[in-house]
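The values are calculated or read from the model by the stated rules, or taken from the named source; none is laboratory data. Treat the numbers as computed from the prediction; the structure is a model and nothing was measured. Here the Cβ positions follow ideal geometry from the backbone for every residue, glycine too, while neighbour counts run over all protein chains shown.
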Amino acid sequence: MDKKVALNDLHESLGGKMIPFAGFIMPVRYSSDIEEHKCVREGVGVFDVSHMGEFYLKGDKALDLIQKVSANDASVLYNGKAQYSYLPNATGGVVDDMLVYRIDNDEYMLVVNASNIEKDWNWIQSLNTEGVEMTDWSDELCLFAVQGPKAIPTLQKLTNIPLDNVEYYTFTKGTFAGCPDVILSATGYTGAGGFELYVPKAHAEEIWNKIFEAGAEFDIKPIGLGARDTLRLEMGYCLYGNDITDETSPLEAGLGWVTKFTKDFVNSEALAAEKAAGMKRKLVGIEMIDRGIPRSHYGIMDFDGNRIGEVTSGSQSPTLQKGIALGYVDKAFSKTGTEVFIQVRNKQLKAVVAKPPFVKAGV
């Protein structure tokens, strides 16, 4: 049975088309994907992403546990700093990707994907040999992503915290829209700038409504999962379940930058050996030259029609007005500028390997 987010009825009243996604009923769009995408790139839009999971870790061994389960080095974090990372599994794949927040000395929050909440919780607990206090906050918090170049002018009306001073991938906690204990995080999944707000569930609807009042002059809109997907794809951001999975190598997926071999972590020896041996394939960006949309699981071919890889995420880019994708290809074809072909039904359409982001970030 799919769960409903706290503001489900509100989304229905706003005309949201509700669909099952990651174990939840979520709004996929309110108007059109293109209109909502443009709203975020040029103005300000709000995503209700309360389906995401939040785990609170506390204790003098909390950092040790995070260092064990996370590929990135959380020891460099300071209070108010966030970090992108992933949970490697024991067989060379990825349990999930996540954000790590250092709230205070010995206090951390991990933000995980909705479809993996139970899996991630069980995985981390299985490695929690030192008795770190873990609390699942997922049902207590709502998460609103307020994204776009007009996000700060909108949000600043509702808090005394100077948001311009909150640097990318840092966060602060304080009173927002009259509600205490809101986490305002300068993060997002769009590349358009803005904040993610972790809000106590009891205040969620009130805060949502106040954000929309504050953003009315900028023509603020609610944004669904459809535009969220095209926005993240234009930035080349991975989506768990598509571009990274329990079976995909994090190194082939381009996550070497958050894989820190200066410490021991789950499967670090095997990943170090894989890095030393060299990867056989690589996740790359692809831009269409011929007209056509590269969809997930479409074959990537060479000039002679040999299959050299597969699309993992693909769509029409509303900003570029052409098809873009992420996909794995044999390493020999991974260089930027390499001409490839996408198998669309019985046709092979010309494309080129491109380095993401496809669109310049707004942060």
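General remarks:
- Yes/no for LEU320 being of a type outside the set (D, E, K, R), in contact with a Pro (Cβ under 8 Å, 6 or more places away or on another chain) and not assigned by TED's automatic domain parsing to the domain that holds VAL95: no
- Segment 246-283: number of residues that are surrounded by 15 or more Cβ atoms within 10 Å (Cβ to Cβ) and touching a residue at least 24 places away in the same chain (Cβ under 8 Å): 22
- GLY292 assigned to a loop (DSSP other than H, G, I, E, B), touching a residue at least 12 places away in the same chain (Cβ under 8 Å) and assigned by TED's automatic domain parsing to the domain that holds THR319: yes
- For segment 254-289, residues that are assigned to a loop (DSSP other than H, G, I, E, B) and not aromatic (Phe, Trp, Tyr) total 12.
- The number of residues in segment 68-83 that are surrounded by fewer than 18 Cβ atoms within 10 Å (Cβ to Cβ) and not in a loop (DSSP other than H, G, I, E, B) comes to 3.
One line per residue, one yes/no per condition, for (1) under 25 Å from LEU87 (Cα atoms); (2) surrounded by fewer than 15 Cβ atoms within 10 Å (Cβ to Cβ):
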residue: GLU287; (1), (2): no, no
residue: ASP290; (1), (2): no, yes
residue: HIS297; (1), (2): yes, yes
residue: PHE358; (1), (2): no, no
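- Criterion: touching a Cys at 6+ places or on another chain (Cβ under 7 Å) and outside the structural domain of GLU107 (by TED's automatic domain parsing) - qualifying residue of GLY23, GLY45: GLY45
- The residues listed here are GLU247, GLU206, GLU196; of these, the one that is outside the structural domain of ASN113 (by TED's automatic domain parsing), within 29 Å of HIS11 (Cα to Cα), of a type in the set (D, E, K, R) and out of contact with any Leu (no Cβ under 7 Å at 6 or more places or on another chain) is GLU206.
- Of all residues in segment 198-218, those satisfying the criterion of being farther than 14 Å from VAL49 by Cα, touching a residue at least 24 places away in the same chain (Cβ under 8 Å) and either outside any helix (DSSP H, G or I) or acidic (Asp, Glu) (or both) are GLU206, GLY215.
- Residue among ALA214, ALA186 that is more than 17 Å from ALA361 (Cα to Cα) and either among the hydrophobic types (A, V, I, L, M, F, W, C) or outside the structural domain of VAL94 (by TED's automatic domain parsing) (or both): ALA214
- Residues that are touching a helix residue (DSSP H, G or I) at 6+ places or on another chain (Cβ under 9 Å) and farther than 21 Å from MET134 by Cα, drawn from segment 38-81: LYS38, CYS39, VAL40, ARG41, GLY43, VAL44, GLY45, VAL46, PHE47, ASP48, VAL49
- Segment 19-60, subset among the basic types (Lys, Arg) and either in contact with a Gly (Cβ under 7 Å, 6 or more places away or on another chain) or surrounded by 18 or more Cβ atoms within 10 Å (Cβ to Cβ) (or both), residue farthest from THR190 (Cα to Cα): ARG29
- Residues of segment 315-352 that are polar (S, T, N, Q) and either within 27 Å of the chain's Cα centre (by Cα) or more than 12 Å from GLY299 (Cα to Cα) (or both): SER315, GLN316, SER317, THR319, GLN321, SER334, THR336, THR338.
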